[in-house]
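What follows is one structure encoded as C-alpha cells, with my remarks underneath.
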Amino acid sequence: MNITTQRMRPAQLPQMPVAAKAPEAQEAQTFSSDSVGWGDAAVGLITGAATGVVTGVGAGISSVKHSLLGTAEGYKALYKNETIGPWLKTAIGALMPVATVGVPVLSTVLGAAYGLYSGFVAGATEGFSAGMSQGFEDVSDFNKKLMPAIREGIREFGNEKLGEGEEKFDISPVRAGEAIVAGLGNTVVGGVGIGLSTASQIPEAFVTANRAIHQSDLGLPLKTVSHVVSVPLAVLAAPIGVAGGALFGLGSGAFYGYQDGFVESFKKTAEHVKDYHKAVDKGLADMAEDLVKDPPKN
C-alpha cells in the first residue's frame, strides 16, 4: 500500500496565479511531509495533546448544556407531537435521561480523539497557533452548529401533525413496559458488547496502523511522531466503543422491545454486536492484506 501525504501550501504565502510564477517559485511555495523536520513534528505532538484537551473538554461542556436543553425540548416535543400515542410517548420519555447522560460522555471522548489527531496534523504542518485555532473553531462549530441542528430536529418532531385520514401510532402498555426495560438492558449489552469487541481488536488495529505508517512515504520525523500519536488514539478507542455501544443498545433495545418483545430485543442487539465485530475484523484483515502485497519501503 502506497500512502502519500498531499502537498500543502503554507498559509502565510500569497496565492498567486500559477502561470505567473516561475518553476522555482512554485516549488518554494509547496512542501511535502519530507520537509517536516524534527522540530515541526515535536510541535505537532505538543499541539495534538493540547488540542485534544481543548476539543474534549469543549465538546463535553457544550454537550452537557445542549443535552440538558435538548432533553427539556424533547419532553416538550413528545407532549406536542400528534403522530404518536401516549404509551409510546411514555416509553420514549422514560429512556431519554439515559441519552442525556450518554451523549456528553461520547462527545467528550470523541472530541478528544478528533482534536488529538487534527491538532497533530495542523501543528506539524502549520504551527502551534494554527493547530490550536483549528481546535477552538471545531469546538465552536460543535456548539453553535451541530448541537443546535440536532435540537432543531427535536423541535420539528414536536411540531409534526397528523395528515388527513391518518391515525396516531401507538403501542400497548405491555409493549411500552418491554421497550423501557429492553432499552435499559440493551444499553448494558451494547456498551459491554461493542466495548469488548473494540478492545479486543485494538492490538491488531494498532499493529496494522503502525505498519501502514512505517511503509508510508512520510518523512522520518513525521513518521516517528505518528507512531507516538497512535498510542493515545488506541487507548481512546475502547471508551468510544463503550459509550457509542451503550447509546446504540439503548435505541436498539427500545425499538425491538416494543416491536418484537423483550427477549427478542436482546437477540437483535447481540446480532448487531456480532455484525460490528465481523465488519471491523474484515476491515483490519483487508488492510493487513494490502500491506502484505506492498513490501516495506524501509
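List of remarks:
- Exclusive hit being in the same structural domain as residue 286 (by TED's automatic domain parsing), touching a Ser or Thr at 6+ places or on another chain (Cβ under 8 Å) and modelled with pLDDT under 95, set 209, 182: 209
- Within the set 201, 259, the sole residue that is in a helix (DSSP H, G or I), surrounded by fewer than 18 Cβ atoms within 10 Å (Cβ to Cβ) and either hydrophobic (A, V, I, L, M, F, W, C) or on the phi < 0 side of the Ramachandran plot (or both) turns out to be 259.
- Any hit, the range 280-292, residues being more than 13 Å from residue 186 (Cβ to Cβ), touching a helix residue (DSSP H, G or I) at 6+ places or on another chain (Cβ under 8 Å), at pLDDT 95 or above and part of a helix (DSSP H, G or I): no
- Residue within the range 89-111 that is at pLDDT 95 or above, assigned by TED's automatic domain parsing to the domain that holds residue 162 and not in a helix (DSSP H, G or I) present: no
- Among the residues of the range 212-265, those identified as among the hydroxyl-bearing types (Ser, Thr, Tyr) and under 26 Å from residue 182 (Cα atoms) are 252, 256, 258, 265.
- The residue pairs whose first member lies in the range 109-129 and is touching a residue at least 40 places away in the same chain (Cβ under 8 Å) and over 15 Å from residue 45 (Cβ atoms), whose second member is surrounded by fewer than 22 Cβ atoms within 10 Å (Cβ to Cβ) and hydroxyl-bearing (Ser, Thr, Tyr), and whose beta carbons are closer than 9 Å, counting only pairs six or more residues apart or on different chains, are 111/62.
- Scanning the range 142-181 for residues that are of a type in the set (Phe, Trp, Tyr), surrounded by 13 or more Cβ atoms within 10 Å (Cβ to Cβ) and under 19 Å from residue 87 (Cα atoms) yields one hit, 157.
- Taking (1) farther than 30 Å from residue 255 by Cβ; (2) crowded, with 17+ Cβ neighbours inside 10 Å; (3) among the aliphatic types (A, V, I, L, M); (4) modelled with pLDDT of 95 or more in turn, residue 36 satisfies each apart from (4).
- In the range 143-178, the residue that is nearest to residue 103 (Cα to Cα) out of those that are touching a residue at least 40 places away in the same chain (Cβ under 8 Å) and basic (Lys, Arg) is 151.
- Of all the numbered requirements in (1) within 30 Å of residue 257 (Cβ to Cβ); (2) over 26 Å from the mean Cα position of the chain (by Cα), residue 164 misses one, and that requirement is (1).
The values are calculated or read from the model by the stated rules, or taken from the named source; none is laboratory data. Everything numeric here is computed off the predicted structure, so don't read it as measured data. Note that each Cβ is placed from the backbone with ideal geometry, even for glycine, and that neighbours are counted across all protein chains shown.
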